[in-house]
1. For the chain, what % of the accessible area comes from carbon and sulfur atoms, probe 1.4 Å?
2. Over the Cα atoms of the stretch 187-239, what Rg and Dmax result, in angstrom?
3. Do the sum for the chain: with -39,500 (n - 2.57) for every DSSP H run of n ≥ 4, divided by all residues, what is the mean residue ellipticity at 222 nm, to the nearest 500 deg cm²/dmol?
4. So what does the Cα-only Debye profile of the chain read at q = 0.12, 0.15 Å⁻¹, as log10 I(q)/I(0), no solvent term?
5. Going by average Cβ density within 10 Å per residue, which order do the peptides 249-257, 53-61 take, highest to lowest?
6. Could you size up the charge dipole of the stretch 91-172 around its Cα centre, putting +1 on the beta carbon of Lys and Arg and -1 on that of Asp and Glu, and report it in debye to the nearest 20?
7. Work out how far the C-alpha atoms of the stretch 203-274 reach from end to end along every principal axis, then list the three figures in whole Å, largest first.
8. With a probe of 1.4 Å, find how much accessible area the stretch 88-185 has per residue, and write the answer as a whole number in Å².
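The values are calculated or read from the model by the stated rules, or taken from the named source; none is laboratory data. Note that the structure is a prediction, hence the values are computed from the model and not measured. Reconstructed Cβ throughout: ideal geometry from the backbone, glycine too, with neighbour counts over all protein chains shown. To get the accessible areas, we keep the full protein, side chains included, count just its heavy atoms, and leave off ligands, DNA and RNA. Shrake-Rupley method; radii C 1.70, N 1.55, O 1.52, S 1.80 Å.
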Amino acid sequence: MDVLAELLDGARARGGCFHRLVVEPPWGLLVRDEAPLSLYTVLDAHTWIVHPEAEPVRIAPGDVAVVRGPTGYRLADDPATPPQLIVEPGDVCTTADGVRVCDELALGVRTWGADGDGSVVVVNGTYRPEGDVSARLLAALPPVVVVRDDPNCRALLPLLAEEIGRDAPGQQAVLDRLLDLVLIATLRAWFDRPEAEAPAWYRAQGDPVVGPALRLLHADPARPWTVASLASAVGVSRAALARRFAELVGETPMAYLADWRMDIAADLLRTPGHTVASVARRVGYANAFALSAAFKRLRGVSPREYRASPPAPAGPATPAAEHTGPARTPAPA
């Protein structure tokens, strides 16, 4: 499995929120729902996205915007238009002075707005805050990503817009999978564009030495890898792999592997049915003690403390695989 596939595999919509917003200029919306990731497209007109951590960006019909949370942001017909409505956590909509108006704005299935004949239709899908998107994915993204008129995205958008307005058995599952597809198509297109500041591990996938090494580590993280065995599998010398990997990824192969194992372990620890010992075996550690020592060193808490703590708010925390400082030596597998 390639690294991008692993990254996107961490984003799985489960009961995502979907809306069609029908409005007439001037209009403004403040979104502070704390969602980790939201997708937007617009029909028939343009929309501005104003994020406090990025320059205002204009999206047109056929474009897809991915907005990273949990920081609040605005959507409007113009960057200067103040918000008349606010979207709060729990999909609650209020006026600017805090009056709930969810029922008053309902226009049909997943459709709302002050004017059903409005000339602007904004379609969006939002991932839930509770663990639907991995921190590694969020760390790879700027606050706002816009892919303009990509053919793969363009093919999916009419289907998503149509399905949002339907009320049929299994509709939530259909919408969740469509949201995943649009996200994958959008990010794949964006990562391949010159203006994208793709993370080091993504750029390194195209290297004839580091690319195969990354794929091997992601395909079988539990294997007792050493730099020598990884170099042999790739067909280069140990020194050549270590030098090239550090140059392109920013850390040693074994430090990268240790971080990747901790990412997998963190997800499994919050999945029902997994003990610390079973997680240890899944990620290449001999027993619960070995995993606990490595997890404590790299994450700052023990696996049991991590499991008992509430999930951290989704945000752009930098993953260890993006570190460019001194390499760390992982605990023995």
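1. 55
2. Computed over the Cα atoms of the stretch 187-239, radius of gyration and Dmax are 13.2, 38 Å.
3. -11000 deg cm²/dmol
4. Values, matching the q order: -0.88, -1.20.
5. My ranking of the peptides, most packed first, is 249-257, 53-61.
6. 380
7. Per principal axis, max minus min of the Cα coordinates gives 41, 23, 17 Å.
8. Per-residue accessible area for the stretch 88-185 comes out at 46 Å².
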